[in-house]
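Participant: This is the structure I want to talk about, given as structure tokens.
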Amino acid sequence: MAETLTALPETLFNQLQKESFVLLHTIDTESGSPTSSAISWIYAVDPGRLRFALDGRSRLIHNLKARPEVSITLFGGGSVHAVYGSAKVLTDKLEGVPFALACVDLEVNTVRDAMFYGARLSVQPEYQKTYDKRAADRLDGQVFDAMKKAQ
């Protein structure tokens, strides 16, 4: 992907139809410095909009309410992609989830290939959940179902 895009290409959209590992970048409200956090409760509503869930008490929520301009680093399609946009809290508490998760929509403004010249990502980052697999699967299902219903 050499040119700058204004929405996710099909390969990235399809990747974000299931749980994915991404990095969320906000501006810290106290220090004014950039922040990075790994998240996995994210999916593409459509090529121009991403939706993700965060702990409602998280500093990230405070950051993006103060400065809605955020970026997401997405690993896929053999490269690293920077997705820039404006975030808005859709709801402060997702229904049907056992703790207070906020739901956020990100309107995509720009998608850029962020991989350095002459390289290709040969393996996507992988992660393992370190708590009870059945509990993790149940919670993931609850969160994704609630995000899809959020208005």
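Participant: Does the range 91-149 come out rounded, prolate or oblate, given a ≥ b ≥ c as the square roots of the eigenvalues of its C-alpha gyration tensor, rounded meaning a/c under 1.5 and, failing that, prolate meaning a/b above b/c? Write out the running numbers ahead of the final one.
Facilitator: On the way: a/c = 3.89, a/b = 1.51, b/c = 2.57.
Note, shape of the range 91-149 comes out oblate.
Participant: Springs between alpha-carbon atoms under 10 Å, Gaussian network over the chain: tell me which of Pro68, Pro125, Pro47 tops the mean-square fluctuations.
Facilitator: Greatest mean-square fluctuation among the candidates belongs to Pro125.
Participant: With springs only between Cα atoms under 10 Å, which of Phe21, Phe116, Phe52 fluctuates most in a Gaussian network model of the chain?
Facilitator: Answer for the Gaussian network model of the chain: Phe116.
Participant: Could you please tell me the mean projected area of the C-alpha convex hull for the chain, averaged over all directions and given in square nanometres to one decimal? Intermediate values should be presented prior to the final figure.
Facilitator: On the way: hull surface 37.0 nm².
For the chain, the mean projected area of the Cα convex hull comes to 9.2 nm².
Participant: Can you list the residues, at least 5 places off or on another chain, whose amide H is less than 5 Å from the amide H of Met115, using H built in the peptide plane?
Facilitator: Under 5 Å from the amide H of Met115: Val80.
Participant: In the range 9-94, which trypsin sites (Lys or Arg not before Pro) fall in coil by DSSP and have 15 or fewer other Cβ atoms within 10 Å?
Facilitator: Qualifying residues, ordered by number: Lys18, Arg57, Lys93.
Participant: Which is farthest toward the positive dipole end of the chain among Asn109, Val22, Ala136, measuring Cα position about the Cα centre, with Cβ charges +1 (Lys, Arg) and -1 (Asp, Glu)?
Facilitator: Most positive-ward Cα: Ala136.
Participant: Considering only the other residues whose Cβ falls under 11 Å of the Cβ of Asp105, what net charge follows from Lys and Arg at +1 and Asp and Glu at -1? Numbers along the way, then the final one.
Facilitator: Working: positive: Arg49, Arg51, Lys88; negative: Asp46, Glu107.
Summing Lys and Arg as +1 and Asp and Glu as -1 gives +1.
Participant: Could you tally the net charge around Ile39, taking each other residue with its Cβ under 12 Å from the Cβ of Ile39, Lys/Arg +1 and Asp/Glu -1?
Facilitator: Details: positive: Arg51; negative: Glu19, Asp55.
Around Ile39, the surrounding residues sum to -1.
Participant: Return the long-range amide H neighbours of Leu101 (sequence gap of 5 or more, or a different chain), with a cut-off of under 5 Å between placed amide H atoms.
Facilitator: Under 5 Å from the amide H of Leu101 lie the amide H atoms of Gly56, Leu94, each far enough along the sequence or on another chain.
Participant: Same structure again: With a cap of 16 neighbouring Cβ atoms within 10 Å, and only residues DSSP puts in a loop, list the GluC sites (Glu not before Pro) found in the range 93-135. Please list the in-between numbers first.
Facilitator: On the way: sites: Glu95, Glu107, Glu126; in loops: Glu95, Glu126.
Those that pass, being in a loop and sparsely packed, are Glu95, Glu126.
Participant: If you don't mind, another one. With axes computed from alpha carbons, what is the tilt in degrees of helix 133-149 against the longest principal axis of the chain, rounded to the nearest 10 within 0 to 90?
Facilitator: Result, in degrees: 80.
Participant: Name the residues whose placed amide hydrogens come within less than 5 Å of the amide hydrogen of Gly76, ignoring near sequence neighbours (fewer than 5 apart) on the same chain.
Facilitator: The list, which skips near neighbours in sequence, is His81.
Where a number appears in this text, it was derived from the coordinates with a stated rule and is not lab data. What you see is a predicted model; the values in this text were computed from it and never measured. Because the Cβ atoms are built from the backbone with ideal geometry, glycine has one as well, and the counts that use them run over all protein chains shown.
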